[in-house]
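Take a look at the structure set out below.
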């Protein structure tokens with residue numbers, strides 16, 4: 001199928017000619033072929049976008065509207081997104097390789113996010129009266145932080161963009177949105193949805209580009225806040241870049257999430273969410289369950305059951321019916337994952353199933369779903385984010401040791417605990433240092449606070465906690 005190409009950028013409420021003739025060639029990981037082109041913004045385009053956002057914030061009506069008035073626009077954006085979900089999903093499948101059910105789930109999450117953002121004003125106090133002990137009184141006012149740079153990766157661009165842009169707009173901020181060059185087509189469709197909702201000019205600006213141009217945006221003196229999702233390494237660099245001007249920043253970074261399975265957990269109730277939690281979107285999910293901690297005496301029982309479940313997973317062209325696992329998003333991503341599989345073998349981990357490129361799928365960027373057993377905490381495959389369909393099964397001797405292993409990582413984004421009863425699972429879950437954790441299940445709840453401990457990030461996204469990340473607090477005293 002063909003997906004649309006674009007020749008203009010969305011800046012200042014209009015589709016404008018870019019400053020250069022540079023193009024992003026969208027390469028489908030299904031077959032390695034170029035399927036569309038999108039303008040590649042340069043530094044001049046970013047300057048124009050920031051200027052439009054700055055003017056919209058300093059002089060325009062958006063930050064001066066009531067929260068309820070802004071909410072009406074957000075609801076319209078949500079309606080426009082819903083109209084475009086079929087087209088967005090088809091584009092995402094072709095440009096990133098996600099099977100239809102995964103792509104549709106991502107875009108349904110975007111719908112939920114816009115719905116949540118459009119109702120934030122009903123559950124959040126932007127102003128409140130304050131009194132204090134010596135008889136003083138005042139009003140606490142929460143105001144938009146200003147121009148926000150929103151930078152996202154390729155693995156779920158419309159959903160991730162919606163998670164950031166919705167609360168930023170609800171707060172009264174204006175936005176310069178830089179999606180990754182690997183998956184820009186569905187994002188341009190999101191720009192069309194935002195345009196159709198009729199926001200004032202310059203409130204949202206969309207500039208697809210690579211890392212260097214993203215760095216220019218991060219360092220721009222007229223950007224008040226950076227909201228970034230991506231790797232921990234990139235997050236460190238961005239954090240350093242805004243330090244000189246004490247720029248506001250939110251970071252949602254990497255993960256190496258653990259699932260702890262107790263000695264009494266019934267595997268038939270564990271496997272459905274455990275398998276999806278590690279392999280969804282070909283493992284290209286920051287919150288994926290990639291470390292499976294199991295009592296040593298149950299390791300063979302678990303890996304046998306998981307390997308059998310993997311045999312039922314159809315790998316192939318994500319446009320075909322029944323395919324559950326598509327390719328990785330890019331050739332470099334395939335190379336990275338295959339290299340980690342090689343490292344795991346060299347480190348002494350045991351390959352239970354998978355471990356290479358599926359037979360007959362040499363064209364495109366496919367990797368077999370892979371299970372390693374007998375993985376120890378000191379192995380690189382147990383410590384580093386692989387971002388592919390590779391699962392590490394790690395045996396433990398006691399629950400205390402399992403908790404120590406789960407916490408012995410620089411990350412803390414997600415996780416799960418499976419036990420015979422919820423009370424036992426929750427008691428263990430409370431000991432894990434992570435931002436979200438499932439009790440006898442795994443999911444990413446997109447309308448509740450999402451973010452990480454340690455090097456998985458700073459701050460939270462979603463619900464009123466996500467809204468607060470785009471606000472400054474002022475005390476007016478009487």
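The table that follows gives values for the structure above.
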{"item": "Residues (within 13 Å of residue 364 (Cα to Cα) and part of a helix (DSSP H, G or I)) located in segment 315-349", "result": "331, 332, 333, 334, 335"}
{"item": "Verdict on residue 72 being farther than 18 Å from residue 161 by Cβ and part of a helix (DSSP H, G or I)", "result": "yes"}
{"item": "From 291, 296, residue being within 30 Å of residue 422 (Cα to Cα) and out of contact with any helix residue (DSSP H, G or I) (no Cβ under 8 Å at 6 or more places or on another chain)", "result": "296"}
{"item": "Flag for residue 76 being surrounded by fewer than 20 Cβ atoms within 10 Å (Cβ to Cβ), closer than 18 Å to residue 175 by Cα, in the same structural domain as residue 203 (by TED's automatic domain parsing) and modelled with pLDDT of 95 or more", "result": "yes"}
{"item": "Test for residue 213: is it touching a residue at least 40 places away in the same chain (Cβ under 8 Å), touching a helix residue (DSSP H, G or I) at 6+ places or on another chain (Cβ under 9 Å) and surrounded by 23 or more Cβ atoms within 10 Å (Cβ to Cβ)", "result": "no"}
{"item": "Residue within segment 399-409 that is within 17 Å of residue 289 (Cβ to Cβ), touching a strand residue (DSSP E or B) at 6+ places or on another chain (Cβ under 7 Å) and surrounded by fewer than 24 Cβ atoms within 10 Å (Cβ to Cβ) present", "result": "yes"}
{"item": "Residues of segment 354-374 satisfying the condition of being crowded, with 19+ Cβ neighbours inside 10 Å, in contact (Cβ under 8 Å) with a residue 40 or more places away in the chain and closer than 19 Å to residue 300 by Cβ", "result": "354, 369, 371, 373"}
{"item": "Entirely in segment 367-478, the helices (runs of 4 or more DSSP H) that have 1 or more residues that are touching a helix residue (DSSP H, G or I) at 6+ places or on another chain (Cβ under 9 Å) and outside the structural domain of residue 138 (by TED's automatic domain parsing)", "result": "380-383, 399-407, 422-429"}
{"item": "Residue within segment 308-315 that is outside the structural domain of residue 229 (by TED's automatic domain parsing), surrounded by fewer than 23 Cβ atoms within 10 Å (Cβ to Cβ) and within 21 Å of the chain's Cα centre (by Cα) present", "result": "no"}
{"item": "Single unsatisfied condition, residue 380 versus (1) surrounded by fewer than 22 Cβ atoms within 10 Å (Cβ to Cβ); (2) more than 22 Å from the chain's Cα centre (by Cα); (3) in contact (Cβ under 8 Å) with a residue 40 or more places away in the chain; (4) over 20 Å from residue 232 (Cβ atoms)", "result": "(4)"}
{"item": "Strands (runs of 3 or more DSSP E) fully within segment 213-314 counting 1 or more residues that are modelled with pLDDT under 95 and in contact with a strand residue (DSSP E or B) (Cβ under 6 Å, 6 or more places away or on another chain)", "result": "none"}
{"item": "Listing of strands (runs of 3 or more DSSP E) fully contained in segment 1-49 that carry 1 or more residues being more than 16 Å from residue 195 (Cβ to Cβ), touching a residue at least 12 places away in the same chain (Cβ under 8 Å) and not assigned by TED's automatic domain parsing to the domain that holds residue 357", "result": "23-27, 34-39"}
{"item": "When residues of segment 240-250 are limited to those that are within 22 Å of residue 410 (Cα to Cα) and touching a residue at least 60 places away in the same chain (Cβ under 8 Å), the one nearest to the chain's Cα centre (by Cα)", "result": "250"}
{"item": "Residue in segment 317-336 that is in the same structural domain as residue 261 (by TED's automatic domain parsing), in contact with a strand residue (DSSP E or B) (Cβ under 7 Å, 6 or more places away or on another chain) and surrounded by 24 or more Cβ atoms within 10 Å (Cβ to Cβ) present", "result": "yes"}
{"item": "Boolean, residue 342 is more than 30 Å from residue 89 (Cβ to Cβ) and at pLDDT 95 or above", "result": "yes"}
{"item": "From 124, 106, residue being assigned by TED's automatic domain parsing to the domain that holds residue 202, in a helix (DSSP H, G or I) and either in contact with a helix residue (DSSP H, G or I) (Cβ under 6 Å, 6 or more places away or on another chain) or surrounded by fewer than 24 Cβ atoms within 10 Å (Cβ to Cβ) (or both)", "result": "106"}
{"item": "Residue count, segment 127-174 (criterion: surrounded by fewer than 17 Cβ atoms within 10 Å (Cβ to Cβ) and either in contact with a helix residue (DSSP H, G or I) (Cβ under 8 Å, 6 or more places away or on another chain) or part of a strand (DSSP E or B) (or both))", "result": "11"}
{"item": "Cβ pairs under 8 Å, 6+ apart, first in segment 320-338 and at positive phi, second surrounded by 23 or more Cβ atoms within 10 Å (Cβ to Cβ) and part of a loop (DSSP other than H, G, I, E, B)", "result": "none"}
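The values are calculated or read from the model by the stated rules, or taken from the named source; none is laboratory data. Note that the coordinates shown come from a computational prediction; the quantities given were computed from them, not determined experimentally. Reconstructed Cβ throughout: ideal geometry from the backbone, glycine too, with neighbour counts over all protein chains shown.
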